[in-house]
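Sharing a structure here in structure tokens format.
The values are calculated or read from the model by the stated rules, or taken from the named source; none is laboratory data. The structure presented is a predicted model; accordingly, all values stated were derived computationally and were not measured. Note that each Cβ is placed from the backbone with ideal geometry, even for glycine, and that neighbours are counted across all protein chains shown. Areas reflect the complete protein model, heavy atoms only, side chains present, ligands, DNA and RNA absent. Shrake-Rupley method; radii C 1.70, N 1.55, O 1.52, S 1.80 Å.
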Amino acid sequence: MKTLREPSKPVYYRIVGKTYCHEIDTKQAVFGRMRTKEPEEPDRIPFFSLGSEKILSRKHMQISWDTEGNECAWKLECLGKNGVTLTLLEETDEKGSYKTLSLKKGDSYKLTGPTPFRTTSADAPVRGWFQPVDPSKAAE
């Protein structure tokens, strides 16, 4: 995992990849393929590019602050047809390898800490990290 500087402004989390570092200061954001032009109607939810690879959907995943149930947490929802695979750093199998979870379009997962992700397709996957900065800020 990359060592990053302190954020220049208060942020909830970062999405970090090989060619990007997005510092997110909203409770809901969409991530996907770089846009070649702005949409005709402005999106209500902020958009951040994960790259220009065709494996990414224009809207590939969404992260939002989930207050349903007993525990509040960040929720990642897969919006893209090529899916998202998460590496669960808190869980290992009998060999000591980290478990992975593949999400298909419409699936979601509560993120409990730093979490690597990639596109599910094995052909040149796009990779990145979800890195919470200050979870207490989201509860405000």
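Considering only residues that are open to solvent by 20 Å² or more (accessible area, probe 1.4 Å), closer than 16 Å to Gly83 by Cβ and at pLDDT 70 or above, which ones fall in segment 124-140?
Pro125, Arg127
Kindly establish whether Cys72 is in contact (Cβ under 8 Å) with a residue 12 or more places away in the chain and surrounded by 18 or more Cβ atoms within 10 Å (Cβ to Cβ).
Criteria not met by Cys72.
Does Gly80 qualify as being open to solvent by less than 70 Å² (accessible area, probe 1.4 Å) and within 16 Å of the chain's Cα centre (by Cα)?
yes
Quick one: how many residues across segment 41-77 are within 12 Å of the chain's Cα centre (by Cα), charged (D, E, K, R) and in a strand (DSSP E or B)?
2
Could you give me the residue pairs with C-beta distances under 9 Å whose first residue belongs to segment 1-20 and is closer than 18 Å to Trp74 by Cβ and part of a loop (DSSP other than H, G, I, E, B), whose second residue is among the polar types (S, T, N, Q) and modelled with pLDDT of 85 or more wherever it lies, and which are 6+ apart or on separate chains?
Met1/Gln131; Leu4/Gln131; Tyr12/Thr26
When segment 83-119 is examined, which residues are found to be open to solvent by less than 50 Å² (accessible area, probe 1.4 Å) and polar (S, T, N, Q)?
Thr85, Thr87, Thr115, Thr119
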